[in-house]
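**Q** Pasting in a structure now, in structure tokens, and then I'll have a few things to ask.
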Amino acid sequence: MTELDGPDPRLSAFLDGETDEEETAAISEMVAQSVEARNHLEELRQVRQRVRDLPLLDPPADVWRLLAGGSSLAPRRRTRSRAQSLAVGAVASIAFWAAVFSSDNLSASVTPEVGSAVSAHASVLPGDLAPDFGVNEMPGHEVMPEALPGMELIRLDRSGSMTHAMYSDGSLEISVFEQPGRVKWEALPPGEPVTLGRAPAWQGEIDGYEVLVVERRRTVYIIVAEPAVAMLDKEMASDMGDSMPGRGDPSFGDRLGRAADQVVEVFGFRG
Amino acid sequence: MAVEPRRRRRRSPGSTDGVPSWDEVAQEHGAFIYTVAYRLTGKRDDAQDLVQEVLLRVRRGLQTYQPGSMRGWLSRITTNAFLDDVRRRQRRPTDALPEDPERVLPPSVGADEALAQQTLTNEVQEAISSLPEDFRAAVVLSDVVGMSYQEISDSLSVPIGTVRSRIHRGRLQLREVLG
């Protein structure tokens, strides 16, 4: 018997009131008769108490922003002017923007920071979604389509020459980052080189997100799609039981895989 | 297939059908979600990442939430998100060497984090962080969240005997570390 197996494994359950009547009687008797058992029980009780005494934490400001960003959109948007909404969106994304592309020259070689793109995509929460005004009023509208098949544009940001568009079908999102330049292919992490038509591309998985880097007409695109549906389905099933919307709907499973294809088609990468 | 825009389907604040709005969840349980995430990960940045993942799952699941123990539901989502991430990293060992230099080099503790560590009974937290993830999840759900063994068993989808064993072995390891 190892040290870890030393004390009777029923002691913790006894301490927690998780033993049945028979076990409770047996352990009570053991504790009454054995100094060693009493000591073990007391040590376990003290350990448990130290964990229980850990305080409830006040989330740091970054986390409160995340939490606030998950709130319902309508009330906040009604209190903001369009300019304020734009400013808030720009401020929220600026840190990620700076890191999504690093280049020697914006019109020359570009190192797509795919990890940062995934972070930028994942960081956009409902509270950050685009306010209710026309796409034509959004910065960057001239370079991104208003919609993809079955998906609407829900967010559009521009910083310098870089544009980030996010599309959604109501439950799943896909991001497209665009910047003029040529890809430094050798700077990309291990992935799968692919060719879309005549356009070179890189395909990989970052933190469970599907990522595609495409160069077309001296423009670099990073496309980030939601995690693979198989994993998502499994997680949803374990987290939420059988009431998950879309489970069992065959189109739900296909949408993610089609999303990247839609972007590729709409942006004409294969042409 | 035309899909109704997500924001139009979202529940309005103050809905009274027994399902809380996101605002209510965030205000009432935000600190709780972060606390559980921090206890599981042991690092502020990792906790923030975990909270973000939890928000994603909560956001998608809130409309189908069945009134009951909100904290239990949130704990289950948080713990499963944590364990999923652990398993994902184990399946893909290269994830252990991400671009994030903090994970490659010894972490430098910022002033705010140092202050937080002072106030967060760091010794116990470090001991929890030293536990194997499965033990850690069971101990956190039991002693931080306050779940029963049956609830933990349901949350982790493991037999109740496994829960009992993990909690006991986890506490024994904590005892060793804490001296």
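**Q** Just tell me how shielded B:34-47 is by partners: mean number of partner chain Cβ atoms within 10 Å of each residue's Cβ, no decimals. If you can, show how the numbers build up before the last one.
**A** Working: counts 9, 6, 2, 3, 5, 3, 0, 0, 0, 0, 5, 1, 0, 4.
Averaged over the peptide's residues, the number is 3.
**Q** Average partner chain C-beta neighbours within 10 Å, per residue of A:11-20? It would help to have the intermediate numbers written out before the result.
**A** Numbers: counts 3, 12, 8, 1, 3, 7, 2, 9, 2, 0.
Taking all residues of A:11-20 together, the mean is 5.
**Q** Right, something else. Listing A:His164, A:His40 from the residue with the fewest other Cβ atoms within 10 Å to the one with the most, what is the order? Before the final figure, lay out each step's value.
**A** Numbers: A:His164 26, A:His40 21.
Going from least to most buried by this count: A:His40, A:His164.
**Q** Near the amide H of B:Lys43, under 5 Å away, which other amide H atoms are found, from residues 5 or more places off or on another chain, if H is placed in the peptide plane?
**A** none
**Q** Order by neighbour count: B:Ser153, A:Ser34, fewest other Cβ atoms within 10 Å first, most last. Before the final figure, lay out each step's value.
**A** On the way: B:Ser153 19, A:Ser34 13.
Lowest count first: A:Ser34, B:Ser153.
**Q** Right, something else. Out of residues 5 or more away from A:Ile206 or on other chains, whose amide H comes under 5 Å of its own, with H placed 1.01 Å from N in the peptide plane?
**A** Amide H neighbours of A:Ile206, under 5 Å, 5+ apart: A:Val211.
**Q** Further, regarding this structure: Run the simple label-point estimate for B:Ser130 and A:Ser109 please: 7 Å along Cα→C-beta, distance reported in nm.
**A** 4.7 nm
**Q** Something else now. Apply 1/(1 + (r/R0)^6) to the Cβ-Cβ distance of A:Arg38 and B:Glu176, taking R0 = 22 Å, and write down the FRET efficiency to the nearest 0.05. Display every interim value, and only then the final one.
**A** Working: r = 19 Å, r/R0 = 0.87.
Once the sixth-power term is evaluated, E becomes 0.70.
**Q** Next question, about the same structure. Quick check on the exposure proxy: order A:Ile222, B:Ile160 from fewest to most C-beta atoms within 10 angstrom. Please list the in-between numbers first.
**A** Numbers: A:Ile222 27, B:Ile160 15.
Listed from fewest to most nearby Cβ atoms, that is B:Ile160, A:Ile222.
**Q** Tell me, in nm to one decimal, what length is gained between A:Glu23 and A:Asp53 on full extension, where the rule is 0.36 nm per residue of separation less the Cα-Cα distance? Each step should come with its number before you reach the end.
**A** Values: separation 30, 0.36 × 30 = 10.80 nm, distance 2.79 nm.
Full extension of this stretch gives 8.0 nm more.
Quick note: the coordinates plus some simple rules give every number you see, no bench work behind them. Just so you know, these numbers come straight off a predicted model, no measurement behind them. Every residue, glycine as well, gets a Cβ built from its backbone with ideal geometry; the counts of neighbours run over all protein chains shown.
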